[in-house]
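The values are calculated or read from the model by the stated rules, or taken from the named source; none is laboratory data. Everything numeric here is computed off the predicted structure, so don't read it as measured data. No Cβ is skipped: glycine too gets one built from the backbone with ideal geometry, and neighbour counts run over all protein chains shown.
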Amino acid sequence: MVPLLLTAIAKPDLIVFLAAALVVVAGGIGVISYRNPVHSALSLVMTMFGIATLFIEQNAQFLAAVQIIVYAGAIVVLFLFVIMLLGVDRAEVFSRERIRAQRPLAAVAGVVTLGEILILAHATWATGAKAANGPIGNSSDNVFKIAQVVFSTYLLPFEATAILLVIAVLSAVYLSKRVVVNVDEALEAPEDEVSLFAAEETEKRAPKEQSSKNDDEVYEV
Amino acid sequence: MTVPGNWYLILSAILFSLGVIGVLVRKNVIVMFMSVEMMLNAVNLSFVTFSRMLGDIGGQVLVFFVLVVAAAEVVVGLGIIVSIFRRRVGVTADDLHILEG
């Protein structure tokens, strides 16, 4: 234990790695074990920051910055918005299982996956082949190297991501559009998407819909 | 760079397995989504580690693309969750049992 400690003091990289690994694992356990989704989202932020630290330690400064901006700044905030919007920030009930013994089986499956990956990790990874995309560079020109490769070798995939983002925005707008809330219209038009669940929802919503039908809040897709 | 690359790979494997367990155990669809994001992060970490081990910038470029795809996936997935919630009462996986054949 003492030699290990001395080694750690002599190598600050090791200390940073161990601290970041602790943060990452603690955050990961928090995500899957907190009952409240908001706490899970905050644990996810913790994991992201740990991963970003590990990126910096491996000379991937650009990716560390993007990780913080995109994940912690955008994706987790989106999660939190949806949680608040839907009001699902209540603990979930584990008493009613549809599949018997699902949770122990899931834990076993997770442990088996971990063992499998660790066994695979013992195989020889590095082939010794020459770098296909150019050298990794040192810490000062990380952005330059990435930009050079993205705008030459990976130009077509880069343009494809632009199309992908446009498609994602369009689909998000389409999905979040208001649907028909008028029950009579929904029943008259069975091919409409709202009728997918209309059979169960009709009785449930009928009194509410009658009252809101008089308002001007009836929109169509 | 004194920390060997294998340590990063083991950490990545642990994080990935936590994500697998999260997807399988949790019922809240949003938390399942977070677990998927955790798995993507684990893979990103191993990409960067391989990039360092092999001295090739391609791994970091791949992580860049994975980030873009993850962002698009979250946008579409949360849109689907919101539109499901409009029609159903809850957003746990049990509430979607109508999807079974």
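For every residue, the table says whether it meets (1) free of Cβ contacts under 8 Å to residues at least 24 places away in the same chain; (2) crowded, with 18+ Cβ neighbours inside 10 Å.
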site	(1), (2)
A:39	yes, no
A:43	yes, yes
A:51	no, yes
A:55	yes, yes
A:60	no, yes
A:77	yes, no
A:86	yes, yes
For this session: Give the residue that is modelled with the lowest pLDDT, with candidates limited to residues of region A:170-193 that are more than 7 Å from every other protein chain (Cβ to nearest Cβ), in a helix (DSSP H, G or I) and closer than 25 Å to residue A:78 by Cβ.
Result: A:193
Exercise. Name the residues in region A:29-83 that are basic (Lys, Arg) and either within 30 Å of residue B:56 (Cα to Cα) or modelled with pLDDT of 90 or more (or both), would you?
Worked result: none
Problem set entry | Unique residue being facing chain A (nearest Cβ under 7 Å), on the phi < 0 side of the Ramachandran plot and among the small types (Gly, Ala, Ser) when the list is B:79, B:59, B:5, B:55 | B:79
Problem set entry | Residue ID - surrounded by the most Cβ atoms within 10 Å (Cβ to Cβ), chosen from residues in region B:8-43 that are polar (S, T, N, Q), under 18 Å from residue A:50 (Cβ atoms) and within 7 Å of chain A (Cβ to nearest Cβ) | B:41
